[in-house]
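As structure tokens, the structure follows; a few thoughts come after it.
The values are calculated or read from the model by the stated rules, or taken from the named source; none is laboratory data. These numbers were taken from a predicted model, which means no experiment stands behind them. Reconstructed Cβ throughout: ideal geometry from the backbone, glycine too, with neighbour counts over all protein chains shown. When the accessible area is computed, the model is the full protein with side chains, heavy atoms only, and any ligands, DNA or RNA have been set aside. Shrake-Rupley method; radii C 1.70, N 1.55, O 1.52, S 1.80 Å.
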Amino acid sequence: MAWPVGTIKVPLAGWQVTDWSLPGPGIWGLAGPNGSGKSQFFSQLVAWGNKPQGLRVGLVMQNPRLQLTEATVWDQMTWPFQRGWSGRMKPAVATRAEQILAEWHLENYRTSAPWELSGGMQRRLALASMEILAPEVYLLDEPLEGLDLEHRVLLDTKLDQWSKTASVLVSSHVWQWLLVHTEWGWWCDQGLTWGRMGEIWYQHGLSPELPLEALWRRLLDKGAPVTPEAWANLERARNEVICICQNSHQIPSIP
Amino acid sequence: MILDRVVVSYPAQLHPALGPLDLTIREGECVFITGPNGSGKTTLARVLSGVMQLTSGRITNGAGEDIADWAPGYVGWVQQNPIGQMVGTTVAEDISLGPRWLSSTLDQVRRKTSAALTEFRLESKGNQSIHALSGGWQHQVALAAVWAQDPGIIILDEPDTMLDRHGLGRLMRWIQHLRQRGSTLLILGHNPRWMVVADRTAVLDHGVWAHDPGPIPIPDQEWVSFVDGVFGDNTRNLSVCEVSERIWPGQSAR
Amino acid sequence: MPELTPDPVHPLTRVLSLGAGVIALYLASPWWLFGWALLIGGVFTRRGNWRGFTRALLGGAVFGGLQALNHRPGVPYWDTALMTTIRFTLMIMGIALIYGRGSWLSMFSAIEHGLKKILGRNKAVGYGVLTMLLGMAFLPRMVEDVRRIRKDQAMRQSLAGTHRFRPLSFLRPVLVEGFLRSDDLAEALWSRGWRPTALPPTSSAGGLDGMIVFAWVMVIGLEVHGWPMWH
């Protein structure tokens, strides 16, 4: 099921898209050069009047600090659910908040002020405080930034979990990560172009950073039968190449 | 730079945020310091740039001068959140900030600002408001601003944050350039790509050096593993071109 | 760009013009003010800054409305409400014009240079100018922050299905962000070479500066003496 959004204007970057719609549950990529308007596009998507009626959209901004508005980590997690002046809430919300904080390894920081946390912890708190709101559409603007390796793995698990019931739109400059997690998405440069992320990488990815990426670009340039996104996954890349070599009998034995 | 039993504590915290920490960074060396979130990387950057007092210990340079006596602007620090270090309204104005305090004439200020704009290909953006720039461009402006102050030691706190391939390419060229000039570099971050760039890697954990850094993936390891997996053990030194030729011989169609 | 090419006007002349302009506005007759309003408006539109011009006019109109409500009965309207409105509109537009044309950084550096030449390398001067710099960096960001924070809070309430009335909830994050930012900025500026005792270089004044200062002295002097029949 897709969510029709309609026309979105991105004024500072100077472009707009018409008849735009967001696909249903899954992880969708958004890639583009610096300054192409990705962050503004996200911001426009949550603007009043742009999102479809009834659609529950949640944005985690590039700079998480502006989203951490409360005095403690606990309040940050629960304030939208608090009612009345006393701030009462359902016990189920508190249980869920505790569970999510523990999953993001923030359970020991319940009473800490969000602005005292390190950059990576602030990112985790921004993601956790969005998770508890359970949106139908997650907009994640450069979610990897500031996360260490352990928590990047955690984010990967969360993405898989969220994408079963929600649409997750992620932007990132890290191609390898984008290609592993997203199959389809948009290239953002003076507008949005829909396509397979592998194709988008091949067309717009510029100079390769990793040797395997360089090899893949070379093979694609030569017309070899490899899928563009396969390089991002070592196992898949190896299998494709072994398959090619087997077909042309170039390798006597396959390890 | 020599860190001798350096300890830093924040008020109202039981454990020190950093230390006790020993570290010697030789002139012209590039050191990558990594570690989990909250391990003290940014605190280390703040201490080295002289904005935070030590609780105990001592930091000196090769000449034995205490950190308090180092010349202004000697340690350049590119912060994690680039907009956090910008004061000027336009790109050129912000880049001119360091030279303004460190030069004796306006001509020098203009020369350094202009050189930094050119070096980072920001000439066309000189007049733009820094608030109208995307995060990646802001980072690049922050890098250019530190370059303009011509520091002896440069601390890069997660320098690859929000940079696209163009920006990353320029950053790498800049780091190479600085290394050729003999600048001392300290890179703080998570991305394993810096392990290849740096002369050595140190891992911080809870403010002290981790004895066992654990397995950290190096990009080249992935390549070695790929080539070994496809062609066998003795082929790990093959170049990208050679591997490509073995898999699919012929010329590029593009 | 004064950072790259020499500025024909000395930064202190701009600062002086700003102050002298405000004084002259308060001394001048309404007809002169009307003429100046047209002139400044013309400069704005010639530079293609219709948006700034429209905003200034709208601001002036809102202020005029408030003045019309407040003006004292029995006193001629022209003398109280309208004149004050025109003066404030002109002041705002004049400040906007100078803000757009000159570099605040150059102006602050020139002030710091001038004061330190007179008072010696006094730390208090350095800290004073640093505070001014931080203030200039904060103002535009704070407005943007409030907008983003309100948007985020509306989004979260909409997601949670609550409509709790929190009219001042943006204050804490804005203040906290302001404090943190001032820490960050002060730290960054220190590492970028700022020291309270540093003496930033500034350009030397030229003939044009002398002419501008002379013009202001003439304008204010003539206004004070009411010549030629300005009042």
Practice item. Mind listing whichever residues of the range B:49-78 are open to solvent by 60 Å² or more (accessible area, probe 1.4 Å) and β-branched (Val, Ile, Thr)? Key: B:Thr55
Revision key, fill the gap. For helices (runs of 4 or more DSSP H) lying entirely in the range B:94-170, having 3 or more residues that are charged (D, E, K, R) and touching a strand residue (DSSP E or B) at 6+ places or on another chain (Cβ under 7 Å) picks out none
Practice item. For the range B:197-220, state whether one or more residues are at the interface with chain A (Cβ under 10 Å from one of its Cβ atoms), under 15 Å from A:Leu215 (Cα atoms) and either surrounded by 14 or more Cβ atoms within 10 Å (Cβ to Cβ) or at pLDDT 80 or above (or both). Key: yes
Check your understanding: Looking only at the range C:151-168, which residues are touching a residue at least 12 places away in the same chain (Cβ under 8 Å) and more than 7 Å from every other protein chain (Cβ to nearest Cβ)?
Key -> C:Arg166
Exercise for review: Only residues that are touching a strand residue (DSSP E or B) at 6+ places or on another chain (Cβ under 6 Å) and closer than 13 Å to A:Gly119 by Cβ: list them for the range B:22-41, please.
Suggested key: B:Gly35, B:Ser39, B:Gly40, B:Lys41
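Are there helices (runs of 4 or more DSSP H) fully within the range A:164-255 with at least 3 residues that are out of contact with any helix residue (DSSP H, G or I) (no Cβ under 7 Å at 6 or more places or on another chain)? List them.
Passing ranges, in order: A:197-204, A:234-247.
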Check your understanding: Can we say B:Arg100 is surrounded by fewer than 20 Cβ atoms within 10 Å (Cβ to Cβ) and over 19 Å from B:Leu48 (Cα atoms)?
Key -> no
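Mind counting the residues in the range C:175-206 that are of a type outside the set (A, V, I, L, M), under 30 Å from C:Val9 (Cβ atoms) and open to solvent by 60 Å² or more (accessible area, probe 1.4 Å)? Reasoning before the result, please.
First pass over the range C:175-206, keeping only residues of a type outside the set (A, V, I, L, M): C:177-179, C:181-184, C:187, C:190-197, C:200-204, C:206.
Still in the running and under 30 Å from C:Val9 (Cβ atoms): C:192-197, C:200-204, C:206.
Checking which are open to solvent by 60 Å² or more (accessible area, probe 1.4 Å) leaves us with C:204.
Looking only at that region, the number is 1.
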Review point. Going by the structure shown, is A:Gln161 buried (at least 18 other Cβ atoms within 10 Å of the Cβ) and farther than 23 Å from A:Gly6 by Cα?
Key: no
Revision key, fill the gap. Apart from one, (1) free of Cβ contacts under 8 Å to residues at least 60 places away in the same chain; (2) surrounded by fewer than 20 Cβ atoms within 10 Å (Cβ to Cβ) all hold for B:Glu27; the odd one out is (1)
Check your understanding: Condition test on A:Thr95, is it assigned by TED's automatic domain parsing to the domain that holds A:Gly191, over 29 Å from B:Gly167 (Cα atoms), among the hydroxyl-bearing types (Ser, Thr, Tyr) and not in a helix (DSSP H, G or I)?
Key -> no
Exercise for review: For the range A:65-92, enumerate the residues that are outside any loop (DSSP other than H, G, I, E, B), surrounded by fewer than 15 Cβ atoms within 10 Å (Cβ to Cβ) and more than 9 Å from chain C (Cβ to nearest Cβ).
Suggested key: A:Arg88, A:Pro91, A:Ala92
Review point. Somewhere in the range C:135-150, is a residue at the interface with chain B (Cβ under 10 Å from one of its Cβ atoms), farther than 23 Å from B:Ala71 by Cα and buried (at least 19 other Cβ atoms within 10 Å of the Cβ)?
Key: yes
Review point. Does B:Ile67 meet the test of being within 29 Å of C:Phe138 (Cβ to Cβ) and aliphatic (A, V, I, L, M)?
Key: no
Revision key, fill the gap. Residue hits (the range B:74-96; facing another protein chain (nearest Cβ under 7 Å) and over 17 Å from B:Asp157 (Cβ atoms)) are B:Val87, B:Gly88, B:Thr89, B:Ala92, B:Glu93, B:Ser96
**Study point:** Matching residues in the range B:103-112 - criterion: being surrounded by fewer than 23 Cβ atoms within 10 Å (Cβ to Cβ) and either in contact (Cβ under 8 Å) with a residue 60 or more places away in the chain or facing chain C (nearest Cβ under 7 Å) (or both)
**Key:** B:Ser103, B:Ser104, B:Thr105, B:Leu106, B:Arg110
Check your understanding: Any idea which of (1) without any contact (Cβ under 8 Å) to a residue 12 or more places away in the chain; (2) in contact with a Lys or Arg (Cβ under 9 Å, 6 or more places away or on another chain); (3) open to solvent by 30 Å² or more (accessible area, probe 1.4 Å) is the one A:Gly54 doesn't satisfy?
Key -> (2)
